[in-house]
Each structure stands twice: as C-alpha cells, then as structure tokens.
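Enquirer: Sharing a structure, written as structure tokens. Questions coming.
The values are calculated or read from the model by the stated rules, or taken from the named source; none is laboratory data. The structure displayed is predicted, hence computed values, not measured ones. Virtual Cβ from ideal backbone geometry, glycine too; neighbours counted across all protein chains shown.
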Amino acid sequence: MNSEQQHIIDQVAHDVHERMSGDSSHDWWHIFRVWNMAKRLCEIEKADGFVVELGALLHDIADWKFHDGDETVGPKVAREILESHGVVSDVIDHVCEIIATISFKGAGVATPMRTLEGKIVQDADRLDAIGAIGIARTFAYGGDKDRAMYNPDRPHALHQNKDDYFRDDGATINHFYEKLLLLKDRMNTNAAKELAEQRHQFMETYLQEFFSEWEGKK
Ligand code: NI
C-alpha cells in the first residue's frame, strides 16, 4: 500500500470510529478486531490490502440488522465516505460489493463472495462472531434486544430465508445453533478455517458447561 492509500485508511478509520454507535456487539471495537484480523489474513493470502482494509472498516457502517433489514443503507453510506476521501471508483465499487454481500442471512441462505478481498473480510467478520468474543457479543446483542438467555420451551430453527432469520426473536442460546456453530464450515480461506476450528471447539465446551449448570448437574 502506498502512503496516499495509508492516509485514506487512517481517515476512513477516523470517520468510522466517530459513526459507530451500535451496542457492544457492533461497536467500534468489533470493527477494530475485524480490521486487524483482515490485515492478518490479507498478508497470508496476498490480496489487495487497500480494498481489504476499507472493506473491513466499512463492513458494518449501516448494518441491515439495525435498519429493519434494509441492505442498501450500508453500501450507500460507505460510498459517500469513500467519495469524500477521493477514492477511485473501481475501488469504491469493489468495497460496496463486499459490504452488500457480507452478512449471514440464515442457515439455508448462501452468501458467496466473488473476490479474494471479499472472502477475507467475510472471514474476519465471521471469526469475530465465534469463540470467546463471539459468545460475549451474542449475549450483548441478545441483552440489547431484551431476549432471554435461554428458554427450553423455545427450540432453535434453521432459517431458510433472510426474513425468517431477521424476524426470529428467540433466546440467545438458539443463536449458537442458528448461526455461530455453522460458521466454521462457511470460512473461505484456509487460514480462517484453522482459526475457526479452535474457536468452534471453545464454543462447544462452553455450551456443554452452560447446559450442565442450567440443569444443576455441576
Ligand atoms: Ni461485522
């Protein structure tokens, strides 16, 4: 990356930091972790660092989960920010395509990324959804939405379309089965697959503990 691109990254990071206002599952620190992980994966995969970093920084700038399912807001806001820093249009198009494609939309809904840069940003975002951080974020998000931690009377579902997934307001533990435990098999790059395996094992252990404590067995 050249110094002009580095300067743009710094400015965009600053803009994103000022704008992020979600709960602690979707705040600046989520972006910061995804950005760091994306840089790490980018080095291994030899992708275009400028596109990867911009995609990571802007991937949740207007998350559809917080805009009643409207997926067009994120790319629009990202385009405005990138234009304001004079980013060339083919890079803007590429970054906006990544943002429009990135979200998990239910167990039965495929969201394939077209480019290596997109695959890296998606992997970095998905890694932040699993493991110790993933567990913490899931309960933070559920708390923000006033959801029960767990309700044995509300079984989990494997959603086959985005609207069902979006509307489901089941208990937070269900989210492990509806999304988190599925992510290790949705990683694009080999480096992310390896990291996901470790984080996945940690979640399995956590769930075993959770249920044995719930049932008073421990
Ligand atoms: Ni994200």
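Here is a yes/no grid of residues against (1) small (Gly, Ala, Ser); (2) within 16 Å of the ligand (Cβ to nearest atom); (3) in a helix (DSSP H, G or I):
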site	(1), (2), (3)
17	no, yes, yes
25	yes, yes, no
29	no, yes, yes
33	no, yes, yes
36	no, yes, yes
43	no, no, yes
52	no, yes, yes
74	yes, yes, yes
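Enquirer: OK, next. If you go through the range 79-114, how many residues are within 17 Å of the chain's Cα centre (by Cα) and closer than 25 Å to residue 4 by Cα?
Expert: Adding up the residues that qualify gives 5.
Enquirer: For the list (1) loosely packed, with under 14 Cβ neighbours inside 10 Å; (2) modelled with pLDDT of 95 or more, I need the number of the one condition that residue 161 fails.
Expert: Here residue 161 meets the rest and fails (2).
Enquirer: In the range 202-217, what residues are surrounded by fewer than 10 Cβ atoms within 10 Å (Cβ to Cβ) and among the charged types (D, E, K, R)?
Expert: Scanning the range 202-217 gives 215, 217.
Enquirer: Moving on to the next point. Can you tell me which residues in the range 192-218 are in contact (Cβ under 8 Å) with a residue 24 or more places away in the chain and closer than 16 Å to residue 128 by Cα?
Expert: 192, 195, 196, 198, 199, 200, 202, 203 - these are the residues of the range 192-218 that are in contact (Cβ under 8 Å) with a residue 24 or more places away in the chain and closer than 16 Å to residue 128 by Cα.
Enquirer: Based on what the data block shows, is residue 47 of a type in the set (Gly, Ala, Ser) and part of a helix (DSSP H, G or I)?
Expert: Answer is no for this residue.
Enquirer: Then there's this: Only one of these conditions is not met by residue 57: (1) within 16 Å of the ligand (Cβ to nearest atom); (2) modelled with pLDDT under 95. Which number is it?
Expert: (2)
Enquirer: Something else about it: Among the numbered criteria (1) buried (at least 19 other Cβ atoms within 10 Å of the Cβ); (2) closer than 24 Å to residue 130 by Cβ; (3) modelled with pLDDT of 95 or more, which single criterion is violated by residue 26?
Expert: Failing condition for residue 26: (3).
Enquirer: Still on this model: I'd like the residue in the range 76-131 that is outside any helix (DSSP H, G or I) and at pLDDT 95 or above and, out of all such residues, is nearest to residue 17 (Cα to Cα).
Expert: 85
Enquirer: Here's a follow-up. Return yes when residue 79 is buried (at least 17 other Cβ atoms within 10 Å of the Cβ), away from the ligand (no atom under 14 Å from the Cβ) and basic (Lys, Arg) and no when it is not.
Expert: yes
Enquirer: Still on this structure, please answer the following. Residues of the range 112-154 being among the aliphatic types (A, V, I, L, M) and more than 16 Å from the ligand (Cβ to nearest atom), which ones?
Expert: 116, 132, 148, 149
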